[in-house]
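Here's the structure, in structure tokens; my notes come after.
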Amino acid sequence: MTLPFNLDTSLLTLIIFLPAAGSVLLLLMMTLPMSAEGHKVAARWAALGVSLLELLLAVYLFANYDQAAGGFQFEESAPWFALLGSSWHLGVDGLSVMLILLTGILAPLAILISFEIEDRVNLYMALFLFLETGLMGVFASLDLLIFFVFWEIGLVPMYFLINIWGSQNRVYASVKFFLYTMAGSLGLLLSIQLIGLTAGTMDITQLMTFWPAFQGDGGTFLGIGVETVKNLAFLAFFLAFAIKVPIWPFHTWLPDAHTEAPTAGSMILAGVLLKLGAYGFLRLVIPLFPVQAATFSGVIAFLGMAGIILGALAAYGQNDFKRLVAYSSVNHMGFVVLGVAAAAYVYGAAYTGGGGMSPEELESARQSAVLAMNGAAMQMFAHGLSSAGMFLLVGALYHKIHTRDLRQMGGFWVLAPVYGGILIFTSMGSLGLPGLAGFVSEFLVVRGAFAVPAFSLMTLLSMIGLLFTGAYILKAIQKVLHGKPSQEWVDYNRQHHRLEITWREGIAIAPLLALMLLTGLLPNWILPMINTTVTRLFGG
Amino acid sequence: MNSPFPVLSVITLAPIAGAILILLLPKTAKQEARIIAAAATGFSLLLGLFVYFNYDVAAANAATTPEQMFQFQESIPWVEALGINYHLGVDGISAPMVLLTGLASFAGVLISWGIEERTREFMAFFLLLVTGVYGVFVAMDLFVLFFFYELAIFPMYLLIVTWGWKDLREYASMKLTLYILVGSVIALVGVLAMYFVAGDATGTYSFDITHLMNVAAMPDSPFNANVFGIDGLTFARAWFPFIFLGFGVLAGVFPFHNWSPDGHVAAPTAVSMIHAGVLMKLGAYSALRVAVQLLPQGAQTHLPWIVFLTLINVVYGAFIAMRQRDFKYVIGFSSVSHMGLVSMGWATMNVYGMTGAGLQMFSHGVMTALFFSCVGMVYDRAHTRDIPSLGGFRQVMPWVAFAFIVGGLVSMGMPGLSGFVAEFPIFTGLWDAGPNITLQIGSWTLANYYGVIAVVAVLGIIVTAAYVLRVVQQVFFGEFNRERFAGVGDVTVLDKAALVMLLAAMIILGVWPSIMAPMVESGVAPIIRLFGGGA
């Protein structure tokens, strides 16, 4: 069967633009002569179809990525904005493939859960698919300007999804999310301009060698020291990605945005959008600023630790179920940050030729850092699965009982045993129970970061955070599921709306459960790909 | 490079021919007047597209003399005794402007379809205005440029004072006209000085741009000779501020921008579209073509401080827009802010900033035409522009809401749209200019400050995002007041056609910068060579 697109040469372009094409299709479908109900059904299934097709492409990419060879594959290059040295340069390595796969998996599930949306379904689905285009574009791009284009583009559909289909406080949350993130990227914008201008190209692969080695005109640049310029540019990059991850204390947009977003919006926000920030650190910040990243790595690790501990404490204090899960994201992403810090430290030390360590120390530190980085990358994947699952379950419950207040819930295990079982399973995945995905990643991060001498203490302290992780997860389970359901809920369940999980919701979460279990028991289905990539990026 | 077929003359004169035809019609022939106006502007738009897509970028890049820089040239002697020729031509900067004028004028006619009061006169004066605008962009003789410049200004007065907003039109139209006229008169004095000085030195008295460019490029150019006996105060340095800022008034350069917000608000919709979308670009374009290109030494001395005025435009304009309660004033001040970026681009004097400025002229022109058309559509139906009173209008006017949102994204420089394609190179140009431009006033020097300007200017972007979100939220989202706005319906097919046309331009340029950037770059490159440097 001959396809209109050549999968060998344009797979990434297709992956990026298929959802956008679907988006346009959904908008055009609004003009078809159908009943209102017909439009809704058609829109839902059309969107699901497009996202499943996208998943197929992502799986194809994953299956055909040569894990042994590693490096950037499926590269494409075409002229785009020659004046600025920018070209349509795409390419993926193991890290990007993993994230593209994650996005491809989560999108159809989120669309499936969005079947409950009744209001302006076409527009909702069109925006959602357009968001997927933005996300795929970031992961696939090897040009700094293209990276920035897709980075910013993703903000727009998310803003509208929260603003129109969100909860009570949606206007505040959406505006805060948009302005906060955009303001954070202004520094990134300026730095990209500066770097691209100086290097004469926006190509990331070339910049990775050019920019760290750049010394200006004998040490000065723009009238000030080149090191000062690089430090400022590093801070600008750091800020933009730190807001996205989010790194404490730049996380304050997250609780509102996650809580007020519609279920699918929260799933993708927590599942994928946060990973954009972490990806930015790995793809851009550390390779472009090895020295600055290494110098700053202690601070980054400290902030990661703060995110782990404080995020867990904040989650424990919540009465709003969804806000609890939102803070759990801050908590879990803290592990990613720890891993990133360890990598930054060692990579920078290796770049400057030792960093005060003997070759044996450096080698052992490097191996530990690779472990930590593997953990961080795995955590991106695992957290993507578990947080998307948690938000799905929270949303499913909210859809039925119209409250997220934990104090009003209780005893739901009696009324909805299957839901309860699935909630516990997902919660355990979130908690990091051995046998599930979260454990593999957290273990690797802790094992790796602990062995890097500079971070041992901070890793230890982060274990306190893990303690509270268990606390808030169990608190949530206890408050929602355990105890005796009040008569009110029993009546509600019988007469008004059954609390049990529906088939649709069950089908939506099943792949996540399966993947969490699979990754927990057999991490080697994905870990070697991550390992090759990470070793090549930071260990080699 | 003479054109076999006088395409540029046809583009320029088709609207005025239409205007004459319309005035010959009886007063009741409203529909005919509209159709003739649409046909005239549409025809010019189509020819503008033809010129745009047949412009030879490679030939432009290979040009070595001023003559070769311009394509589609036509020349007829006009007043030979004074060295005035009817000389037309386009280069890489003016070709997109011709296209912009076509888009904005055609959309403007479509948007004005509903005008019932003295339709004939409205369309006739509008077409007169359009001819004036086209003429400035294609003029290669300074007399011709001024001729069409003034021709564009006086219909503005008539259009605003007759069909504008009753509460403000007399004040606004008078202010606008006087401001711009005074500015252009000051510039005219400078141009006459150039004419005479160039003529005295070479023996040839001519207003032709190529002649004056050759004079400016002479090794002992009279433009670089000292005046008033003061050493260092050359002709170029003395006259540049007057000519640049004289035209800069029309470009909305701070502090001479004050006519613009009131003018925008008082004007009827189509006139606001042309005013912000095209007229302000006349000022920026003329400032480049006459002041920067012909007096490069003056540019190098003065642009380094004029850039501060443009910075005030960008940031201050954005903050003022944030404060406005009247929907149209928000857009008006947003224009002041975005035009600041154009002038800022000129002030970088390198290929990045100046290409960005050329792109910004086009992108902002389309975007603001779109904005004003949306505002007009809402106002025509709601009869109020008070932002707190509006709300929920996307329920009754979804097309307008969508168009306004896209326009808003362009104005905040959202990647994927034309605003980003324009703003990014301007900022890159600021960074590039940093080490190269030094401000010298007497013995006081300021160096490496353009980077700081970039950092401050970027504030404009986030404030723009904030006020755009605010306006979108308060006008198009939220509660819709069904009692007050009972009769409000959606826009007409013609309105939608205009919106789609403008949206397409912004989106296409946004995803495919190569469709315009190389052309602008080819037009800008020779100007940069005048500063004694390559890209």
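The values are calculated or read from the model by the stated rules, or taken from the named source; none is laboratory data. What you see is a predicted model; the values in this text were computed from it and never measured. Note that each Cβ is placed from the backbone with ideal geometry, even for glycine, and that neighbours are counted across all protein chains shown. These accessible areas exclude ligands, DNA and RNA; they are computed on the full protein's heavy atoms, side chains included. Shrake-Rupley method; radii C 1.70, N 1.55, O 1.52, S 1.80 Å.
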Nearest 20 debye, what's the magnitude of the dipole of chain B about its Cα centre given +1 on Lys and Arg Cβ and -1 on Asp and Glu Cβ? 1260 debye
Tell me the net charge near A:Ser87. Cut-off is 14 Å between Cβ atoms, A:Ser87 excluded, with +1 for each Lys or Arg and -1 for each Asp or Glu. -4
Quick check on region A:65-116: take the gyration tensor over C-alpha atoms, sort the square-rooted eigenvalues as a ≥ b ≥ c, and tell me if it's rounded (a/c under 1.5), prolate or oblate. oblate
Percent relative contact order for region B:124-271, counting Cα pairs under 8 Å at least six residues apart, stands at 28 percent
Relative contact order for region B:1-116, counting Cα pairs under 8 Å that sit 6 or more residues apart, in percent: 33 percent
Among A:Met380, A:Ala510, A:Leu481 - extreme Cα towards positive end, dipole of chain A, charges at beta-carbon: A:Leu481
Measure nothing but the geometry: give the 0 to 90° angle between the long axis through the Cα atoms of A:321-351 and the longest principal axis through the Cα atoms of chain A, rounded to 10°. 20 degrees
Which residues of region A:123-171 end up with at least 10 Å² less accessible area in the presence of all protein chains than when their chain stands alone, using a 1.4 Å probe? A:Leu145, A:Phe148, A:Val149, A:Glu152, A:Ile153, A:Val156, A:Tyr159, A:Phe160, A:Asn163, A:Ile164, A:Val171
From the phi of every residue in region A:372-389, what ³J(HN,Hα) in whole Hz does the Karplus formula 6.51 cos²θ - 1.76 cosθ + 1.60 yield, where θ is phi - 60° and glycine or proline is x? 4, 5, 4, x, 4, 5, 4, 4, 4, 5, 5, 5, x, 5, 6, 6, 4, x
Prolate/oblate/rounded call for region A:456-512, Cα gyration tensor, a/c under 1.5 rounded: oblate
Using only Cα atoms, tell me the angle between helix A:456-481 and the longest principal axis of chain A; keep it within 0 to 90° and round to the nearest 10. 10 degrees
Taking Cα atoms, how many degrees apart are the long axis of helix B:517-530 and the longest axis of chain B, rounded to 10 and kept between 0 and 90? 30 degrees
Tell me the GluC sites (Glu not before Pro) within region A:50-159 that lie in a loop according to DSSP and have at most 15 other beta-carbon atoms within 10 Å. A:Glu118
What are the residues of region B:330-358 that lose 40 Å² or more of accessible area, with a 1.4 Å probe, going from their chain alone to all protein chains? B:Tyr352
Shape of region A:139-193, Cα gyration tensor, a/c cut at 1.5: oblate
Amide H proximity to A:Ile526 below 5 Å, modelled H, separation 5+ or other chain, gives none
5 Å is the cut-off here: which amide hydrogens, built 1.01 Å from N in the peptide plane, fall below it relative to B:His87, excluding neighbours closer than 5 in sequence? B:Ile76, B:Met140, B:Asp141
From the residues B:Ala193, B:Asn226, B:Tyr205, which one has its Cα farthest along the dipole of region B:164-263 in the positive direction, the dipole being from +1 and -1 charges on Cβ of Lys/Arg and Asp/Glu about the Cα centre? B:Ala193
Chain pair A, B: how much accessible area is buried, both chains summed, with a 1.4 Å probe, in Å² to 100? 3100 Å²
Using the Karplus curve 6.51 cos²θ - 1.76 cosθ + 1.60 with θ = phi - 60°, work out ³J(HN,Hα) for each residue of region A:495-504 in order, rounded to whole Hz, and write x for Gly and Pro. 9, 9, 8, 4, 7, 5, 5, 8, 4, 4
Could you give the dipole magnitude of the protein assembly as shown about its Cα centre, charging the beta-carbon of Lys and Arg +1 and that of Asp and Glu -1, in debye to the nearest 20? 2540 debye
Expressed as a whole number, the average count of other chain Cβ atoms within 10 Å around the Cβ atoms of A:179-186 is 4
Could you pull out the pairs from A:Lys40/A:Lys475; A:Lys40/A:Lys400; A:Lys176/B:Lys496; A:Lys176/A:Lys322; B:Lys27/B:Lys281; A:Lys40/A:Lys484 whose alpha carbons sit more than 27 Å apart here? A:Lys40/A:Lys475; A:Lys176/B:Lys496; B:Lys27/B:Lys281; A:Lys40/A:Lys484
Name the residues whose placed amide hydrogens come within less than 5 Å of the amide hydrogen of A:Phe221, ignoring near sequence neighbours (fewer than 5 apart) on the same chain. A:Val226
Of all the accessible heavy-atom surface of the protein assembly as shown, with the other protein chains kept in place and a 1.4 Å probe, what percent is carbon and sulfur? 66 percent
Whole-number percent relative contact order across chain A, with pairs defined as alpha carbons under 8 Å at least 6 apart: 15 percent
Anything losing 40 Å² or more of accessible area from the isolated chain to the full protein assembly: pick those residues out of region B:448-483, probe 1.4 Å, ligands and DNA/RNA ignored. B:Asn448, B:Val458, B:Ile462, B:Leu469, B:Gln473, B:Phe477
Whole number in Å², please: accessible area per residue of region B:83-140, 1.4 Å probe, ligands, DNA and RNA not counted. 16 Å²
Please list, in order along region B:122-132, the HN-Hα scalar couplings obtained from phi with the Karplus expression 6.51 cos²θ - 1.76 cosθ + 1.60 (θ = phi - 60°), rounded to whole Hz, x for Gly and Pro. 4, 4, 5, 5, 4, 5, 4, 4, 5, 4, x
Excluding ligands, DNA and RNA, what is the solvent-accessible area per residue of region A:309-370 at a probe of 1.4 Å, expressed in Å²? 32 Å²
As a test of the formula, what do you get for the protein assembly as shown when each DSSP H run with n ≥ 4 contributes -39,500 (n - 2.57) and the sum is divided by the residue count, at 222 nm and rounded to the nearest 500 deg cm²/dmol? -23500 deg cm²/dmol
Can you tell me which of B:74-85, B:129-140 comes out highest on packing, and rank the rest after it, using the mean Cβ neighbours within 10 Å? B:129-140, B:74-85
Residue (of A:Gln292, B:Gly283, B:Ile462) at the positive-pole extreme of the protein assembly as shown, dipole from beta-carbon charges: B:Ile462
